[in-house]
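Colleague: Take this structure first; my questions come after.
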Amino acid sequence: MKKRIVTLIMLAVSLSMLAGCTLPGSSAKKEEEYREQGIALLEAGEYELAVEMFDLSLGQTYGFFTKTELDICYYKALCQYKNGDVIDALNTYDGIIELKKKDWRAYYLRGTVYLEEGDFEGALKDYESAASLNGKDTDMLMQIAVNLENAGDETNALTYYNMIIENGGKGAAARRNIGEAYYKIGNTDEATGILEEAIEDGDIPALLYMADIYMETGDYETALSLIEEGLLAEETDDEVKARFMFAKVICYEYMAEWESAKTAIEEYTEAYPDDEDGQREYTFLENR
C-alpha cells in the first residue's frame, strides 16, 4: 500500500478537545458567528475565504487569547496550508507557540508542515519538542514515526518506534501502538502477542495492523478476514473504515484476485472520491 505523510492528521482530534469562553456580549457572539462561517467554508474547500472569516473572528477578541482563540488559530493554520500558503501557516503556528510554548500540538503540526516541505531539520526539531512535552501519547509518537518513515527517514522513524516501546502506556490503543512499534523494529512475535491483546480489548484499528502482518507473511486469507471484521464492526469510524477499505484492495491484489480488487477499489473511490491514492489505484486496476 502506498503510504503518505499524515499531514495534520491529529488536528480534528486536537480541536475536539478545545473548549472555553471568551469575551461576553456582542463581541463573543460575533466571534462565534465568524468562527462558524469559517468552519463551514473550510469544509466546503473555500480556504482563502475561511481564513478571512477566522481573521474576522480573531478581530473580536481585543487581545484576549483563550482556548477559543487557540481553536480558531488552529483552524486558520490548516486553511492556510490547504490553500498553499505554507509560509502563512508556519507563521500562524509560530504565533501559537509564542503564546503557548508548551502546546505540543503546535510543534507537532508545524513539524509536519516542515516535513512535507522537505525541511527535515525543522521537522525533527519540532517533533523532538512535541515528544518532550507529550511523550506518553503513543498516538502522537506513532504519527511522528509514520510521517518520518513515509518521508524516507527510516533511521529517525525507528527512534520514535523505539520511544513508543520504551515509554509504554496503558489501554488498548497504547498496546496497539506498542505492538505496531515492535513490528516496525522487526520483532513480529512480540508484535503479534501485544496486538492480540489490543484486539481482545476491542481496539478495532489493531485488526488492521494485524492484517498488515499477515499480508507481509503471505497469509492473505487471514488478513482478509481481519479486514472484513474491521469493516463490519459498528465502532469503526470513517477514517479507520477508509483504511480498512483500501487495505482490502491491496490484499486482493496480493492474492491476484483482480476482479475482486477492482470491485473493492470502485467501492473505495465512490466513498472517498477525493483520495489521490485511491484514484491512482483505480487507474492502475482499470488499465491492467
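Colleague: Largest first, how would Tyr75, Tyr161, Tyr282 line up by accessible area (1.4 Å probe)?
Modeller: Highest to lowest solvent-accessible surface, that is Tyr282, Tyr75, Tyr161.
Colleague: With every protein chain left in place and a probe of 1.4 Å, what is the accessible surface of Thr155, to the nearest 10 Å²?
Modeller: Accessible surface of Thr155 is approximately 100 Å².
Colleague: Could you report the chain's accessible area per residue, 1.4 Å probe, as an integer in Å²?
Modeller: On a per-residue basis, 50 Å².
Colleague: Roughly how much of Tyr254 is accessible, in Å² to the nearest 10, using a 1.4 Å probe?
Modeller: Counting only protein heavy atoms, Tyr254 exposes about 110 Å² to solvent.
Colleague: Right, here's the next one. Treating cross-link reach as a plain straight distance, find the lysines whose alpha-carbon is under 23 Å from the alpha-carbon of Lys241, omitting any fewer than eight places away in the same chain.
Modeller: Once the sequence-local lysines are set aside, what remains near Lys241 is Lys2, Lys3, Lys184, Lys262.
Colleague: Determine the alpha carbon to alpha carbon distance for each of Lys76/Lys100; Lys67/Lys100; Lys67/Lys170; Lys29/Lys101 and list only those over 19 Å.
Modeller: Working: Lys76/Lys100 16 Å; Lys67/Lys100 11 Å; Lys67/Lys170 28 Å; Lys29/Lys101 28 Å.
Cα-Cα > 19 Å for Lys67/Lys170; Lys29/Lys101; rest within.
Colleague: Using the crude model of +1 on Lys and Arg Cβ and -1 on Asp and Glu Cβ, and no other charge, please compute the dipole size for the chain relative to its Cα centre, in debye to 20. Numbers along the way, then the final one.
Modeller: Details: 26 positive and 59 negative charges, 220 e Å.
I would put it at about 1060 debye.
Colleague: While we're looking at this one, here's another question. According to the Cα gyration tensor, what semi-axes, each the square root of 5 times an eigenvalue, does the equivalent ellipsoid of region 158-288 have, listed from largest to smallest in whole Å?
Modeller: 28, 15, 14
Colleague: Taking all protein chains in place and a 1.4 Å probe, what share, in percent, of the accessible surface of region 65-149 do carbon and sulfur account for?
Modeller: Its accessible area is 46 percent carbon and sulfur atoms.
Colleague: Ranked from the most accessible area to the least, with a 1.4 Å probe and all protein chains present, what is the order of Ile87, Ile227?
Modeller: Accessible-area ranking of Ile87, Ile227, largest first: Ile87, Ile227.
Colleague: Using the Cα atoms of region 35-98 to build a convex hull, what is its mean projected area in square nanometres? Working shown, then result.
Modeller: Working: hull surface 15.2 nm².
Approximately 3.8 nm², given one-decimal rounding.
Colleague: Using Cα pairs under 8 angstrom and six or more residues apart, how large is the relative contact order of the chain, in percent?
Modeller: 10
Colleague: Here is a follow-up. Of (i) 6, 24, 27, 18, 14, 9, 2, 0; (ii) 6, 28, 35, 23, 7, 1; (iii) 6, 24, 30, 25, 11, 2, 0, which is the value of P(r) over Cα pairs in 10 Å bins from 0, in percent derived from the coordinates here?
Modeller: After the calculation, the listed value that fits is (iii).
Colleague: Roughly how far apart, in whole Å, are the Cα centres of region 235-288 and region 101-158?
Modeller: Rounded to whole Å, the Cα centres lie 28 Å apart.
Colleague: Which of Phe246, Phe120, Phe65 ends up with the largest GNM mean-square fluctuation for the chain, with Cα atoms connected below 10 Å?
Modeller: Between Phe246, Phe120, Phe65, it is Phe65 that shows the largest mean-square fluctuation.
The values are calculated or read from the model by the stated rules, or taken from the named source; none is laboratory data. Predicted, not measured: the structure shown is a model, and the values here were computed from it. Because the Cβ atoms are built from the backbone with ideal geometry, glycine has one as well, and the counts that use them run over all protein chains shown. For the accessible areas, the whole protein counts, side chains as well, though only heavy atoms, and no ligand, DNA or RNA atoms are used. Shrake-Rupley method; radii C 1.70, N 1.55, O 1.52, S 1.80 Å.
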